[in-house]
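Each value in this text was obtained by applying a stated rule to the coordinates, not by laboratory testing. Computed from a prediction, not measured in an experiment: that's the story for all the values here. Cβ coordinates were reconstructed from backbone atoms using ideal geometry, including for glycine residues, and neighbour counts include every protein chain displayed.
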Amino acid sequence: APTGVWQQTEVVWLSNAVYRAEIPAMPPETHVHYYLRAAHMDETAFLPHQAPDTTFTFYVDREVDLVVEGAPDRYGTVTPPYGTNIMIASVAFTASAPETMPVSTGVRRACDGWTGDGDVPEHGSENSVALTLTQPSTLTWQWATEYALTCRYRLADTGRVLDETVSWYRADSNATTETAQELEVVGDTLYAFCGWSVDGERWPDAASTSPNPAADIPMHAPRLAQGDYLPYHLDTDNDGLNDWWELRYFGLTTNNTHAASDDSDNDTWTNLEEFLDNTDPNDPQSVPVPPEITFVPLAPFQAVRSPWTVTATVTDNLNVEEVYLVWRESGDTDWTFTPMVWTDFDTFQAELAPPSHGARRIDYYVYAADLLGYRFPEHASVTPVYSVIGDYPHPWLSVTPNGFEPFELSEAPTNPPLSIANLAGPDLVWTARLAVAAAPFLGTNGWTHSGTHDVWGTTTNRTWNGDAVWYCGNSSSRTYPNACHAWLDTPPFTVGSGGGLLFRQWIRTEYDGATRYWDGAVLRISTDGGATFSLIEPVGGYPFEISANPDSPFAPGHPCLAGDGQGWETVLLDLADYAGQSVIVRFEFGSDLYVVSEGWYIANVTPFACDTPAPAWLKAPGPWGGTLADTWSVPLGLTLDPAGLDYHEEDIACIRVESNDPTSAPLIPLTVRRGHRLHLTAHGPGTATADRTFLFGTASATVTLAADPGHYLYSLMLDGVPQPGVYDYATENRILTFDDVTQDHYLDAWFTIKLWTLNVVSPYNTASPAAGTYTFPNGTVITASIDDPVVPLEETVRLQCSHWELTGHTPTSGIPPQMSFAITNHATLTWRWKYAFRLLAHAGPGGTVAPANSWHLVGSTACVTATPAAYYHFDAWSGNLTDTTADGPRLTALINAPRTVSAAFAPNLTPTHGVPEYWLAQYGLGDDFDAAAATDSDEDGMPAWAEWRADTDPTNALSRLVVTALAPQPDGWSLTWIGGQNRTQRIERADTPAGPWSAFYTNLPPTAVTNTLLLPAAAPAGFYRIAVP
């Protein structure tokens, strides 16, 4: 409490309502109390309001220095800040530093605790410390370097990055990546993990196994670890080992050193088997293991009726491929494999639904396979075999079928196939009783309806049996309104013994999903004259429920009647518990505020009871009760006789089956109608169908008679009497209408195939079929041909089948020698013939022609193409060139007579010396032929063009045209020279080297390489030379 004398300080106005006052400096270890006082006019205000009894206070103490530093440097914003801080002695406070501080990309400093002196503890490992100082002290925050390890997950085939995560590690420590998912599904493709790389290099090296996770990564800098995935089924080299597995364990997606059948680590498992289980083929300790199955068997004796749910947990190191519940009943040889469905995580379930319903013992086990077991079943996992049997406290009543479509009777009685069975359990004691219908509620008498947007009314838009029905909806638009909550109440009626109510409904409402509808209907019953109503379930329960919707008149999940308008349905209310009471049944419809649909139709609302006499149309020839042991069944004797009904009369009854099975009290409705029937019979290839064959009330029937393609209706009989009309090939269909019938009718329609004629015309007897007229059934595939389409006349003239024509049918024309069609009409096939002439084409040296020998129809045009050989060019056409057009090497001729043409070719010559290119090419003398002709490649003194003139080898220095000797002989001189063999050589003489030169001797080819000529001794002196003219 304040002990001193109160002192006063004036405040200074700053702006608006803002004032400032200063309290003078106080000595250390002093408690200072203060309050605010404001005086205005005659009023004084205090803050705190009870001042000076209550005050604000603070304490003034001694100053103490705290020096805050960082090592190796100052990082982040710390409290107190770096530097020298003046603190209050003996006052506790907390010093703190951020956990981490970013430095650069992938680099940060992490607070590694502190060191201190004075009143700061010597060291600590946290990033905060509670302090109370009494003396000068020092606090030094310790900062360690951390580097980021980024784990990136990538599709190696597309480069798409799936995800990235970042983990931090102290500098110079070793890091470990996350464990990558072994399998990923991207779109519709299954991918498999194929290994880690670090900073672009496969980890830990290029060839050994890439482990998952990757470990021992030195953190001397920020690192990027990339986990790659490849499509699971990708096998580039088709060796049976998929790329992802080869890349992960051998470093290459293709290899020639590790075959599927090899055992790389000698652990008795082949590479294929290790691949299928994703084990390491380089590590003999890593071997395939089958899936592990964990499940709790069913109790061996089951009091709850089958089916029973079997649940198993199945795990595997890679993937569970298939899980089966395998079972068989006692006495069976074969096992049944029921797939177990994945539910969540590693859980699989299947229903065990034995045919005997548990009356016989069932043996069962769980089978699971991974990829290895899927490929090689001997490596799958199986549990021990367990047994289960039904041990039911009550018999299991089953009545089949549980309902019938209306029986449509005409003259003959029928026996509905109704069966009573005890599926399993103790003996079944059963009794069947007949509940007979009273007259249905007719018209609108006694009915009432009300509610919000009440649109109940009668309509014939849809009817059950032709009579008007109740409809909740607008008859014109055929829709119900939004926010409708309207009901329709039956007239009051008294429920008889074992009684109930039957009605027909057609319903289409707004659908949501699964068994949920936004709009729907319910049934209610009143036993107090309509004052109150309670919900009642139809036999079999409500099939649907209302979707959660605040705008619905029904609670979320409320059971309801709803549907998508599939047709009329029969609905039963079992009112046996209301026997003797007067009741009203309510049909209640509700919709939300949004989408609408067609609505709800109610028809044929009829009470029934067991205390009503049996109708004349129903007879029970056998017993309607008895005792059945388990698995036994018995038919219920029942005859429906139309003699007990008038024509166009409808009636109903129900069979109520009661037994010592407390869980079941079936109620089977029977609806019978008597009308007239149409009996339709189609004879032959055609059909006789009708939109209905039972005519009841005012209904009419439309009968359609249709012949199969290529057939026709050739006779029609009604009740044994032939029907008049035209029956020809055009009579493929006929429609008949039956209405107001007074008897059963028997309609017989006869159909037969259409027959077509084919005329074949040809002036020459080489056609198949031969010329003539033939008859074929419709659709017959006819293949016609000209066996020999040529009739020779001369060496260069012949008759030739040019084309065929088909009249009265398609296709209309074509070329021989063969044609084919399916006949569907009368037709004429004509083979057309024309003269054809031969065109002969000859090719000169240095080229070819095509075609060289061809035949062409008169009046047609033909083309011949000349193609020069290498180093040649086309020169000219010759021969019979009348009515031809030449386009260079292409000659087009009008064929009006036999003709022969020839193509001439010339060699390509070098422009300077006229040396053929082919000659230079055969000696391999360059692509620049003109330069090659001037080159002396063999250095024999003769350029190539001269060697061409002399017919010598331009690549052989010993092959040239040259005088080799001039030698004296007894009778003169001998002149010897060498040269080519295919040129004319001439010895020329002159008196002087300047000439003139004259021919002395001519050497005609073929010549020898070496030649010698004797010169006459008496000849005058002169000069000689060798020349090639």
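Applying the Karplus relation 6.51 cos²θ - 1.76 cosθ + 1.60 with θ = phi - 60° to segment 971-978 yields 3J(HN,Hα) values of 10, x, 10, 10, 9, 10, 8, 10 Hz, where x marks Gly and Pro. Contact order, relative form, for segment 216-265: 22 percent (alpha carbon pairs under 8 Å, 6 or more residues apart, mean separation divided by residue count). Most tightly packed first, judged by the mean number of other beta-carbon atoms within 10 Å of their residues, the peptides 655-661, 640-646 read 655-661, 640-646. Once backbone amide H atoms are built at 1.01 Å from N, ASP875 has ALA904, PHE905, ALA906 as its partners under 5 Å, excluding neighbours fewer than 5 places away on the same chain.
Using Cα-Cα distances under 8 Å and only pairs 6 or more residues apart, what relative contact order does the chain have, in percent? RCO, the chain: 5 percent. Within segment 738-857, DSSP assigns beta bridges of which about 90% are antiparallel (rounded to the nearest 5).
Rounded to the nearest 20, the size of the Cβ-charge dipole of segment 615-704 about its Cα centre is 280 debye, with Lys and Arg at +1 and Asp and Glu at -1. Volume per residue for segment 676-741 equals 82 cubic angstrom (convex hull of Cα atoms). Between the alpha-carbon centres of segment 746-780 and segment 514-573 there is a gap of 67 Å. Sites listed here are GluC sites (Glu not before Pro) in segment 737-842 whose DSSP assignment is loop and whose Cβ has at most 13 other Cβ atoms within 10 Å: GLU794, GLU795. Simple rule: put +1 on each Lys or Arg Cβ and -1 on each Asp or Glu Cβ in segment 903-947, find the dipole, and look at ASN908, TRP945, TRP919; the Cα lying farthest toward the positive end is ASN908.
Going from the fewest other Cβ atoms within 10 Å to the most, the residues SER476, SER197 appear in the order SER476, SER197. Note on segment 292-389: Rg/Rh from Cα positions, Kirkwood definition for Rh, rounded to two decimals, is 0.98. Where both bridge residues fall in the chain, DSSP classifies roughly 90% of the beta bridges as antiparallel.
Classify segment 928-1027: rounded, prolate or oblate, from the alpha-carbon gyration tensor (a ≥ b ≥ c, eigenvalue square roots; a/c under 1.5 rounded; otherwise prolate if a/b is larger than b/c)? It is prolate, given that a/c is not under 1.5 and a/b is the larger ratio.
Relative contact order for segment 292-389: 34 percent, from Cα pairs under 8 Å spaced at least 6 residues apart, divided by residue count. Over all pairs of different C-alpha atoms in segment 460-580, the reciprocal of the mean inverse distance, the Kirkwood hydrodynamic radius, equals 15.9 Å. Positive end of the dipole of segment 178-277 (Cβ unit charges, origin at the Cα centre): among ASN266, THR253, GLY200, the Cα lying farthest that way belongs to GLY200. Ranked by how many other Cβ atoms sit within 10 Å of their own Cβ, fewest first, the residues TRP855, TRP6 fall in the order TRP6, TRP855. Measuring max minus min along each principal axis, the C-alpha atoms of segment 427-475 give extents of 54, 27, 21 Å (largest first). Which of rounded, prolate or oblate describes segment 178-277 when judged by the alpha-carbon gyration tensor and an a/c cut-off of 1.5? Taking the square roots of the gyration eigenvalues as a ≥ b ≥ c, segment 178-277 is oblate.
In loop segments of segment 358-428 as defined by DSSP, the GluC sites (Glu not before Pro) with at most 13 further C-beta atoms inside 10 Å of their C-beta are GLU411. In segment 439-605, what % of DSSP beta bridges are antiparallel (nearest 5)? Percentage antiparallel, nearest 5: 95. With θ taken as phi - 60° and the Karplus curve 6.51 cos²θ - 1.76 cosθ + 1.60 applied, the whole-hertz 3J(HN,Hα) list for segment 250-264 is 10, x, 9, 7, 10, 8, 10, 10, 10, 7, 4, 8, 6, 10, 5 Hz, x standing for glycine and proline. What does the C-alpha gyration tensor say about the overall shape of segment 64-146? Classify as rounded when a/c is under 1.5, otherwise prolate if a/b is larger than b/c, or oblate. It comes out prolate by the Cα gyration axes.
Checking (1) -0.79, -1.20; (2) -1.02, -1.19; (3) -0.63, -1.26 against the coordinates, the calculated log10 I(q)/I(0) by the Debye sum over Cα atoms at q = 0.06, 0.09 Å⁻¹ falls under label (2). Legend: ranking of residues TRP600, TRP327 from fewest to most surrounding C-beta atoms inside 10 Å; resulting order TRP327, TRP600. Here's the picture: charge each Lys and Arg Cβ at +1 and each Asp and Glu Cβ at -1 in the chain, and of PRO401, THR689, LEU572 the one pushed furthest to the positive end of that dipole is THR689. Per-residue Karplus couplings for segment 145-161, computed as 6.51 cos²θ - 1.76 cosθ + 1.60 with θ equal to phi - 60°, are listed in order as 7, 10, 10, 8, 9, 8, 9, 10, 10, 9, 7, 5, 7, 10, x, 5, 8 Hz, Gly and Pro entered as x.
If the segment from ARG375 to ARG1025 were pulled out straight at 0.36 nm per residue, it would be longer than the present Cα-Cα gap by 224.6 nm.
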